[in-house]
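Below you'll find the structure, written out as structure tokens, and then a few comments.
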Amino acid sequence: MAFGGNSGAGVRSDINITPLVDVVLVLLIIFMVMTPSLLKEVDVRVPDKPDVETQVVAAPNTNEVVVSVTREGRLQINREPITEAQLGERVRELMAARAEKRVFFDIDDEALYSDAMHAMDVCRGAGAKTLGLMTQDSR
């Protein structure tokens, strides 16, 4: 029983290109399917750049509420010492007169995490909508 047309007992040196053709056809199909989705254009309307001269820059508000927590756990509102029991009522009074209900926190690096979180919770419960943390540069 002979498998090849050559009756000689030698090594065949022909290259089998069937797997190569299969891979190339699969890649061709992938690129044909993906090309239309890659060529889709998205129309974007970018607003015109406003004139620098017409922009009005609001002056920074220096009348912010700043709650400080010291390393000993003592509280201050705008550098005025206050007790923990008075914190909620004082923040509620300050928030009633403001349109932006925002409180900043100046927390000492050595302060206990629980003291800082308790002060934030009390301020949030007293009507503060936005809580901000002050960094070394903003102090």
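The values are calculated or read from the model by the stated rules, or taken from the named source; none is laboratory data. Please read these numbers as outputs of a predicted model, since none were measured by experiment. Reconstructed Cβ throughout: ideal geometry from the backbone, glycine too, with neighbour counts over all protein chains shown.
Condition test on R98, is it surrounded by 10 or more Cβ atoms within 10 Å (Cβ to Cβ) and modelled with pLDDT under 85? Answer is yes for this residue.
How many residues are assigned to a loop (DSSP other than H, G, I, E, B) and under 15 Å from R74 (Cβ atoms) if we restrict to the range 110-138? Full working, then the answer.
First, pick out the residues of the range 110-138 that are assigned to a loop (DSSP other than H, G, I, E, B): 110-112, 126-129, 134-135.
Subsequent filtering for residues that are under 15 Å from R74 (Cβ atoms) retains 110-112.
Summing the residues that are assigned to a loop (DSSP other than H, G, I, E, B) and under 15 Å from R74 (Cβ atoms) in the range 110-138 gives 3.
Being over 24 Å from the mean Cα position of the chain (by Cα), closer than 14 Å to E64 by Cβ and loosely packed, with under 14 Cβ neighbours inside 10 Å is a condition met by no residue of the range 105-122.
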